[in-house]
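Peer 1: Handing you this structure, nothing more for now.
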Amino acid sequence: MEQERYKDRGHTSSSKGLRSRECPLLIDLHTHTTASDGSMIPAELVRHAFAKGLGAVAVTDHDTISGVDQALEEGNKLGIEVIPGVEVSVDFSPEVHLLGYFLHGNYYDSIIKTLEELREKREQRNPRIITKLNELGFDITMSEVNRLAAGGNVGRPHIARVMIDKGYVASIEEAFDKYLASGRPAYFKKDKLTPAEGISEIARAGGVPVLAHPIYLNMSTDQLDILLGQLAAMGLKGIEAYYTDNTAEQTAQLLQLAHKHKILATGGSDFHGMFKPDIEIGSGRGSLKVPYSLLLGLKQA
Ligand code: AMP
Ligand code: ZN
Ligand code: FE
Ligand code: FE
């Protein structure tokens, strides 16, 4: 049944063409699972993407590819394209996130080692955040946070969720705005790769490095233009032009910048399930639409 419905939307070669022009296939190239700070296990996330009618979904967990295999397997079962990915934070002010797509090949093992090191850095940082929260008077322990993360890479959204469950804050946003964001009293910086290292690690592992959510950099178009020139010289291959929190004007500007720097445009929601309950897979806060055509460029890169 589901398979038939899927075929009908124009994904298979037999029904491509007119139908897909009438109802263009949409995708999501930025999502998180329980391998990091998403709330759905990878198979569930893929089923969710499929149920929402998406033509492809990328799994891009923070500093890990441990959710990718299960997602690929579920994608094969359902007949929805799953793209293996990762999201890595790099040292820059403000923080820059890089997405890496289609990691494969000879140096795959080397990036796994790097990702394990990044996990260790998280494990060193998170108790420091908890200590700061304790000093601020909150009764919260690392084991409560670890229980929620259930073996996945622990991030601040897990800590925020425990704070909600204990009645200390009303939302994830409030936890970040008051305590966890950079510059707030419970922030503790974690060691990161430099932007050049992040880009080259992804590229060396056969992946396509892409700048995630450029709008979070809070830069003017001119500043972003300069930064993109620098990152492109380091090997950056794309920017996330379509994103949950972009306005249409911002997306248009980012598409222009991608064109100018001869890099790809990508797009995604940054879906985290219940860790960011206002953001839906594919559609973000309601108006996000990421066209399938972007994936064709990514595959060629
Ligand atoms: P971490 O891996 O601990 O650095 O946390 C990164 C996660 O926190 C990502 O999912 C971000 O989207 C999320 N995050 C960072 N800043 C904020 C913020 N101000 N509000 C909500 N989520 C945030
Ligand atoms: Zn996250
Ligand atoms: Fe991010
Ligand atoms: Fe993300």
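The values are calculated or read from the model by the stated rules, or taken from the named source; none is laboratory data. Predicted model only: the values in this text are computed from it and were never measured. Using ideal geometry, Cβ is built from the backbone for each residue, glycine included, and neighbour counts are taken over all protein chains shown.
Peer 1: Inside the range 217-228, can you point out the residues that are in contact (Cβ under 8 Å) with a residue 12 or more places away in the chain and either within 12 Å of I239 (Cβ to Cβ) or hydrophobic (A, V, I, L, M, F, W, C) (or both)?
Peer 2: Selection gives L217, L224, D225, L228.
Peer 1: Still on this structure, please answer the following. Which condition breaks for Y101 when tested against (1) free of Cβ contacts under 8 Å to residues at least 60 places away in the same chain; (2) among the hydroxyl-bearing types (S, T, Y); (3) surrounded by 19 or more Cβ atoms within 10 Å (Cβ to Cβ)?
Peer 2: (1)
Peer 1: Could you check the range 275-297 and list, in sequence order, the residues that are aromatic (F, W, Y) and part of a loop (DSSP other than H, G, I, E, B)?
Peer 2: If the condition is that a residue be aromatic (F, W, Y) and part of a loop (DSSP other than H, G, I, E, B), then Y292 is the only one that fits.
Peer 1: On to the next question. List the pairs whose first member sits in the range 266-282 and is at pLDDT below 95 and more than 10 Å from ligand 1 (Cβ to nearest atom), whose second member is aromatic (F, W, Y) and assigned to a loop (DSSP other than H, G, I, E, B), and whose Cβ atoms are under 9 Å apart, counting only residues at least 6 apart or on separate chains?
Peer 2: Pairs found: none.
Peer 1: Taking the stated definitions as given, is T266 under 24 Å from N153 (Cβ atoms), polar (S, T, N, Q), in contact with a Lys or Arg (Cβ under 9 Å, 6 or more places away or on another chain) and surrounded by 15 or more Cβ atoms within 10 Å (Cβ to Cβ)?
Peer 2: The answer is no for T266.
Peer 1: Can you tell me which residue within the range 58-98, out of those that are within 16 Å of ligand 4 (Cβ to nearest atom) and farther than 16 Å from G198 by Cβ, is surrounded by the most Cβ atoms within 10 Å (Cβ to Cβ)?
Peer 2: V59
Peer 1: Here's something else I'd like to know. Examine the range 43-56 for a residue that is buried (at least 24 other Cβ atoms within 10 Å of the Cβ), within 16 Å of ligand 1 (Cβ to nearest atom) and assigned to a loop (DSSP other than H, G, I, E, B), and state whether such a residue exists.
Peer 2: Checked the range 43-56: no residue is buried (at least 24 other Cβ atoms within 10 Å of the Cβ), within 16 Å of ligand 1 (Cβ to nearest atom) and assigned to a loop (DSSP other than H, G, I, E, B).
Peer 1: Check E95, E74 and return the single one that is in contact with a Lys or Arg (Cβ under 9 Å, 6 or more places away or on another chain), modelled with pLDDT of 95 or more and not basic (K, R).
Peer 2: Within the list E95, E74, the selection yields E74.
Peer 1: If a residue must be within 16 Å of ligand 2 (Cβ to nearest atom) and either within 13 Å of the chain's Cα centre (by Cα) or surrounded by 18 or more Cβ atoms within 10 Å (Cβ to Cβ) (or both), how many such residues does the range 269-293 contain?
Peer 2: Residues meeting the conditions: 11.
Peer 1: Follow-up. Out of A170, A212, A175, A205, I need the residue that is within 21 Å of T60 (Cβ to Cβ) and away from ligand 4 (no atom under 16 Å from the Cβ). Which one?
Peer 2: A205
Peer 1: For the structure I just gave you, tell me whether T60 is part of a strand (DSSP E or B), in contact (Cβ under 8 Å) with a residue 60 or more places away in the chain, in contact with a Leu (Cβ under 8 Å, 6 or more places away or on another chain) and within 16 Å of ligand 3 (Cβ to nearest atom).
Peer 2: Spelling it out, T60 is indeed part of a strand (DSSP E or B), in contact (Cβ under 8 Å) with a residue 60 or more places away in the chain, in contact with a Leu (Cβ under 8 Å, 6 or more places away or on another chain) and within 16 Å of ligand 3 (Cβ to nearest atom).
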